[in-house]
Amino acid sequence: MKLLIKNVKQLGETIRKVRKAQGLTQEQLAAACGVGTRFVRELESGKESCHLDKSLRVVRMLGMDISIEGYGDL
């Protein structure tokens, strides 16, 4: 499935849905990613100042990828 994520809130909502679909708690996901539970909670709520590196770690742990499109041949 391919989703167009336009803002941090949509990213957080997607992470929450995938986490729940995989039967993980926020605590379990945080432990698996090496981040704090507070970070996962803030990421899922769409906090705009979440660290990109940690966010990408969570995305990868859930088996998702992020791609960037729209700039032609760079």
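No value in this document is a laboratory result; all are computed from the given coordinates. All values derive from a computational prediction rather than experimental measurement. Positions of Cβ are backbone-derived with ideal geometry, glycine not excepted, and every protein chain shown enters the neighbour counts.
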For the chain, shape from the Cα gyration tensor axes a ≥ b ≥ c, cut at a/c of 1.5 then a/b versus b/c, turns out prolate
Projecting the Cα atoms of Gln22, Ser49, Val8 onto the charge dipole of the chain, where Lys and Arg contribute +1 and Asp and Glu -1 at Cβ, the residue farthest towards the positive end is Gln22
HN-Hα J in Hz across the range 48-62 - Karplus 6.51, -1.76, 1.60, θ = phi - 60°, x for Gly and Pro: 6, 9, 5, 5, 5, 4, 5, 4, 5, 4, 5, 4, 5, 4, 7
If you place +1 on the Cβ of every Lys and Arg, -1 on the Cβ of every Asp and Glu, and leave all else neutral, what size is the dipole of the range 22-61 about its Cα centre, to the nearest 20 Debye? 80
